[in-house]
Amino acid sequence: MKNKFQMAKKKQYCECLNTVKPVRDTLEVINGKWKLPIIISVGVGNDRYTDIQESIPGLTPKVLAKELKDLEQHQLITRVIVDDHPVKISYKLTAYADTLTPIIYALKDWGINHKKKIFAQE
C-alpha cells in the first residue's frame, strides 16, 4: 500500500508530464532559429519569398524553402499560386497561425523584460 507521500509524489509527476508533453509538442512545431521569424514576417505583410528572405537577416534561400514547407505542413502558412505570366507565389498565415499571436507577444514581452533585467545587473 502506498503512503500519502508516495501518492503526492506520483500526482506531482503526472502534473509535470501533463505540462511538459504539450510544451514539447509545441516546440517541435515552432522551435528553431527561423520558424517564428518567418511567421512574424508573413504576419506583418511580407508575402513574397524574396520579401520574407530579405526581412530576416541571415536566412538562406534553402533554409527558407525548407521552413516554409514545414510551416505549411503544420497548417500555419498557406502557399498561394496565382496562375499569371509569370506565375506568382505568395504566402499567407492561416487562421490557425493566429492562435500563436498571444504566444509571440508574450515571448516578445518576456524577451524585453529579460534583457532589461540582465543589463540592469551589470
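I'd like the FRET efficiency for residue 48 and residue 23, computed as 1/(1 + (r/R0)^6) with the beta carbon distance as r and R0 of 41 Å, rounded to 0.05.
0.80
Students often check this: by mean Cβ neighbours within 10 Å, which of 67-78, 40-51, 21-32 ranks highest, and how do the rest follow?
So the peptides 67-78, 40-51, 21-32, ranked by packing, come out 67-78, 40-51, 21-32.
Could you tell me how many degrees, from 0 to 90 and to the nearest 10, lie between the Cα long axis of helix 4-30 and the main elongation axis, the longest principal axis, of the Cα atoms of the chain?
Between the helix axis and the principal axis of the chain, the angle is about 10 degrees.
Want the number for residue 14 to residue 118: 0.36 nm per residue separation, take away the alpha-carbon distance, what's left?
Using 0.36 nm per residue and subtracting the Cα-Cα distance, I get 34.1 nm.
Stretch residue 36-residue 78 to full length: gain in nm at 0.36 nm per residue minus the Cα-Cα span? The partial results should precede the final answer.
Numbers: separation 42, 0.36 × 42 = 15.12 nm, distance 1.53 nm.
Gain on extension, residue 36 to residue 78, equals 13.6 nm.
No value in this document is a laboratory result; all are computed from the given coordinates. As the structure is a computational prediction, the values presented were derived from the model and not from experiment. Please note: Cβ atoms are built from the backbone with ideal geometry, for glycine as well, and neighbour counts cover all protein chains shown.
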